[in-house]
Amino acid sequence: MIRKFKLILTLFLLIPLKSHALTEQNKQQLYLGCYQNSQQYLGADKAKSYCQCTVDKLSKKFSDQELDAVFKQKPEDIYKDTEFASKFCEKNI
């Protein structure tokens, strides 16, 4: 089940983002991409909590420019750089 969450996080992080990754609009895009994929595994309420947590964690660690650079990497590297958020949020949902 944890592998599914990691896959979900990787998939929604691969959604193309605009030049400033953490604008409110892009935070919403990240959240919606996560939610759409997560609700089938977690249910609606847990998916809301998980996705909001994940977006919040990424926002706290990365500036807009840093997150843009992360998203330009290979999927494996994106996962490596962002797994802290999914692991933290998996434990707290």
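The values are calculated or read from the model by the stated rules, or taken from the named source; none is laboratory data. Quick caveat, the model's predicted, so the values are computed rather than measured. Positions of Cβ are generated from backbone atoms using ideal geometry, with glycine treated the same way; all protein chains shown enter the neighbour counts.
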Q: Could you list, in sequence order, all residues of segment 71-90 that are free of Cβ contacts under 8 Å to residues at least 24 places away in the same chain and either surrounded by fewer than 17 Cβ atoms within 10 Å (Cβ to Cβ) or touching an Asp or Glu at 6+ places or on another chain (Cβ under 6 Å) (or both)?
A: 72, 73, 74, 76, 77, 80, 87
Q: Taking only segment 62-83 into account, find how many residues are of a type in the set (Phe, Trp, Tyr) and modelled with pLDDT of 90 or more.
A: 1
Q.
Condition first: crowded, with 16+ Cβ neighbours inside 10 Å and modelled with pLDDT of 90 or more. Now tell me which residues in segment 6-33 satisfy that.
A. 31
Q. Just one of 86, 49, 59, 38 is hydroxyl-bearing (Ser, Thr, Tyr), part of a helix (DSSP H, G or I) and modelled with pLDDT of 95 or more; which is it?
A. 49
